[in-house]
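First the structure, in the form of C-alpha cells, and then the observations on it.
The values are calculated or read from the model by the stated rules, or taken from the named source; none is laboratory data. Note that the structure is a prediction, hence the values are computed from the model and not measured. Glycine also receives a Cβ, built like all others from the backbone with ideal geometry; neighbour counts cover every protein chain displayed. Remember, those area values only see protein heavy atoms, side chains included, never the ligands or the DNA or RNA. Shrake-Rupley method; radii C 1.70, N 1.55, O 1.52, S 1.80 Å.
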Amino acid sequence: MKTAKKVLLIVALFVLLIVGASSIVITRENEYSLIRQFGKIDHVVSEAGISFKIPFIETVDKLPKQIMLYDLSSSDVITSDKKTMICDSYILWHIVDPQKFAQTLNSSIVNAEGRLDAIVYNSTKNVISSTTQDDVISGRDGELSAAIIANIGSSLDQYGIKLLAFETKMLDLPGDNKAAVYERMISERDNIAATYTAEGSSEAQIIRNTTDKEVTVLLSEAEKEAAILIAEGEAEYMRILSEAYNDESKQEFYSFVRSLDALKISLQGGNKTVILSPDSPIAHIFYGLQ
C-alpha cells in the first residue's frame with residue numbers, strides 16, 4: 001500500500017509538472033506570442049515576460065517582432081520616356097498587428113515576403129513609368145523612395161504589416177545603351193554650359209559698355225571742369241600781371257624780363273648766334289641803348 005501510494009504520488013507530481021510546464025508561456029523582447037484555443041487566436045502577448053495558458057487546450061505560435069529586411073530581385077522598369085532601367089532594391093518592414101498577420105498570411109513570413117515583393121514591385125513600376133529617366137536618376141537621393149512608399153499607401157495594413165523604408169541598391173541603365181545615354185547627357189550639359197557662358201558674356205559686354213560710357217562722360221566733365229579752371233587761372237594771372245605792371249617803371253621791368261626770356265628761348269639748340277637790330281629790346285640790354 002505504501003509503495004502504491006508513493007508511485008501514485010510520483011505520477012501525480014510528474015503530471016502536475018508537465019501541466020505546469022505546458023501552461024507557462026515565455027515571450028521574448030523580439031517576438032509576439034499568439035495564444036490559440038482550438039486553432040483560433042484567443043489573444044496576443046506583446047510584452048516580454050512570463051504568462052500562462054490553459055494546458056492541452058491552448059497552444060502558442062511565435063511571430064517576429066523585430067525589423068526585418070527583404071531583398072527584392074532585380075527587375076527591368078520602363079520610364080515615361082520609354083527608357084529601360086534596371087532596379088535592384090530592398091525594404092525594411094515589421095509586423096504591427098500580429099493577429100491580422102496570422103489571419104491573412106497564415107503566420108508565414110514567406111507568404112508575407114511574397115505579398116511585399118508583388119506590392120513593392122508594382123508600386124516601383126507605376127512610379128517610374130510616370131517619371132522621366134532624368135528625373136529618376138536625379139531622384140535617387142530620396143525623392144524616388146518617398147514616392148514609391150507614398151504610392152503603396154495603406155495597402156499593407158490589411159496584412160498587419162508596416163513598410164519602414166524602401167532603398168535602391170542599384171538603379172542603372174542596361175549595359176547596351178548606357179554609353180549612349182551618358183553621351184547624350186554630357187551633350188545636354190555642354191549645351192546648357194554654353195548657354196550660360198553666352199549669357200554671361202552678353203551681360204559682361206553690357207556692363208563694360210555701360211562702364212565705358214560712364215567713364216567717357218566723367219572724363220568729358222572732368223576735362224570741361226579742367227578747361228574752366230585753366231581759363232579762370234589764366235584770367236586771374238593776367239589780372240595779377242596787369243595790376244603788377246600798371247605804372248611805367250614796372251612796365252619797363254616787365255619788358256626787360258620778357259626780353260630776357262625771349263633771348264633764352266632763342267639760344268636753345270646747337271646754333272648760339274643771335275642777330276639783333278639796333279632797336280631790339282634785347283639789344284638795349286647788351287648795349288645800353290636809349
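Points to keep in mind about this one:
- For Ile230, the test of being more than 30 Å from Asp76 (Cβ to Cβ), open to solvent by 90 Å² or more (accessible area, probe 1.4 Å) and modelled with pLDDT of 90 or more is passed.
- The requirement of being farther than 29 Å from Ser187 by Cβ, aliphatic (A, V, I, L, M) and either open to solvent by 70 Å² or more (accessible area, probe 1.4 Å) or touching a residue at least 12 places away in the same chain (Cβ under 8 Å) (or both) is satisfied by Ala150.
- Identity of the residue in the range 28-71, among the polar types (S, T, N, Q) and under 18 Å from Leu105 (Cα atoms), that ends up modelled with the highest pLDDT: Gln66
- Which numbered condition Ile186 fails, given (1) at pLDDT below 90; (2) surrounded by 11 or more Cβ atoms within 10 Å (Cβ to Cβ); (3) among the hydrophobic types (A, V, I, L, M, F, W, C); (4) more than 30 Å from Ser280 (Cα to Cα): (2)
- In the range 72-103, residue modelled with the highest pLDDT [restricted to those that are open to solvent by less than 60 Å² (accessible area, probe 1.4 Å) and polar (S, T, N, Q)]: Ser89
To keep it simple, each residue is scored yes or no on (1) under 28 Å from Thr124 (Cβ atoms); (2) not aliphatic (A, V, I, L, M).
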| position | (1), (2) |
| --- | --- |
| Glu167 | yes, yes |
| Ser187 | no, yes |
| Thr210 | no, yes |
| Thr216 | no, yes |
| Glu223 | no, yes |
| Ala226 | no, no |
| Ala235 | no, no |
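- A count restricted to the range 104-114 and to residues that are open to solvent by 10 Å² or more (accessible area, probe 1.4 Å) and not polar (S, T, N, Q) stands at 4.
- Near pairs, Cβ below 9 angstrom, 6+ apart or cross-chain, from the range 24-46 (under 13 Å from Val96 (Cα atoms) and part of a loop (DSSP other than H, G, I, E, B)) to any residue that is of a type in the set (Val, Ile, Thr) and modelled with pLDDT under 90: Ser46/Thr27
- Residues located in the range 115-146, provided they are open to solvent by less than 40 Å² (accessible area, probe 1.4 Å), at pLDDT 85 or above and small (Gly, Ala, Ser): Ser123, Ser145
- When the criteria are applied in full, Arg208 fails the requirement of being more than 60 Å from the chain's Cα centre (by Cα), assigned to a helix (DSSP H, G or I), modelled with pLDDT of 80 or more and among the basic types (Lys, Arg).
- Only one of the numbered conditions (1) over 27 Å from the mean Cα position of the chain (by Cα); (2) loosely packed, with under 12 Cβ neighbours inside 10 Å; (3) modelled with pLDDT of 85 or more is violated by Asp176, and that is (3).
- Among the residues making up the range 76-118, those that are polar (S, T, N, Q) and closer than 15 Å to Gln158 by Cβ are Gln99, Gln103, Thr104, Asn106, Asn111.
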